[in-house]
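Here is the structure we will look at, set down as structure tokens.
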Amino acid sequence: MKDFYLKLPQNRNEFVLFLLIVSIISVNIIAPIIGMLETGFTIQHYKQVLAVIPEMWLSIIIVVLLASKPASFLKESIVSEKDSFNTQITINILCNVLIVSAVMTMIGTWIGQQQVFTLPLHTYFNNWPRNFAIAFVVEALIAQPIARQVLLYHHLKAIKN
């Protein structure tokens, strides 16, 4: 049975569930890794990163929602309807992470440092490729597969009932 469509949100509530799962997993992995790469891997720095996770999570939700249409447009310009489900999903993740990581490289630094300053402008092209790679790996290999399995389980449960 081809269950690909069962791994995708089918309505607004499922989209919210998917977004919550992906964003919570992502922010709790990506933010500490990037934050501690910037400041060092110590308990003190980890605690500082944890303190800003709620603000980081809210900003990620906003940026993801704002980036969804441009990312979808970009994805549609790359893939065709004949491409496989896995290709479609991978390119979708790539396009979303491309846009979100580009924006969050600036915003995330400001949130992490609790101030708006120009240093992220000067270090942007050094930091963004690293941030993009970290976010893409976490999204493609951890956060989205987990969220898709939750949706698959939810849909299969609904079919049985």
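Before moving on, here are some points about what is shown:
- Unmet criterion (only one of (1) within 19 Å of V27 (Cβ to Cβ); (2) without any contact (Cβ under 8 Å) to a residue 24 or more places away in the chain) for F125: (1)
Here's the yes/no breakdown for (1) surrounded by fewer than 22 Cβ atoms within 10 Å (Cβ to Cβ); (2) touching a Gly at 6+ places or on another chain (Cβ under 7 Å); (3) modelled with pLDDT of 95 or more:
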position	(1), (2), (3)
I99	yes, no, yes
A102	yes, no, yes
I107	yes, no, no
Q114	yes, no, no
L121	yes, no, no
N131	no, no, yes
V137	yes, no, yes
A143	no, no, yes
I146	yes, no, yes
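- When we screen K82, K75 for residues that are among the basic types (K, R) and in a helix (DSSP H, G or I), the only hit is K75.
- Test: residue in the stretch 35-53 that is surrounded by 13 or more Cβ atoms within 10 Å (Cβ to Cβ), out of contact with any Asp or Glu (no Cβ under 6 Å at 6 or more places or on another chain) and closer than 30 Å to K157 by Cβ: no
- Total residues in the stretch 27-39, condition among the hydrophobic types (A, V, I, L, M, F, W, C) and free of Cβ contacts under 8 Å to residues at least 24 places away in the same chain: 1
- Residue in the stretch 9-26 that is open to solvent by 30 Å² or more (accessible area, probe 1.4 Å), outside any helix (DSSP H, G or I) and touching a residue at least 40 places away in the same chain (Cβ under 8 Å) present: yes
The values are calculated or read from the model by the stated rules, or taken from the named source; none is laboratory data. What you are looking at is a predicted structure, and each value in this text was computed from that prediction instead of being measured. Cβ: placed from backbone, ideal geometry, glycine included. Neighbour counts: every protein chain shown. When the accessible area is computed, the model is the full protein with side chains, heavy atoms only, and any ligands, DNA or RNA have been set aside. Shrake-Rupley method; radii C 1.70, N 1.55, O 1.52, S 1.80 Å.
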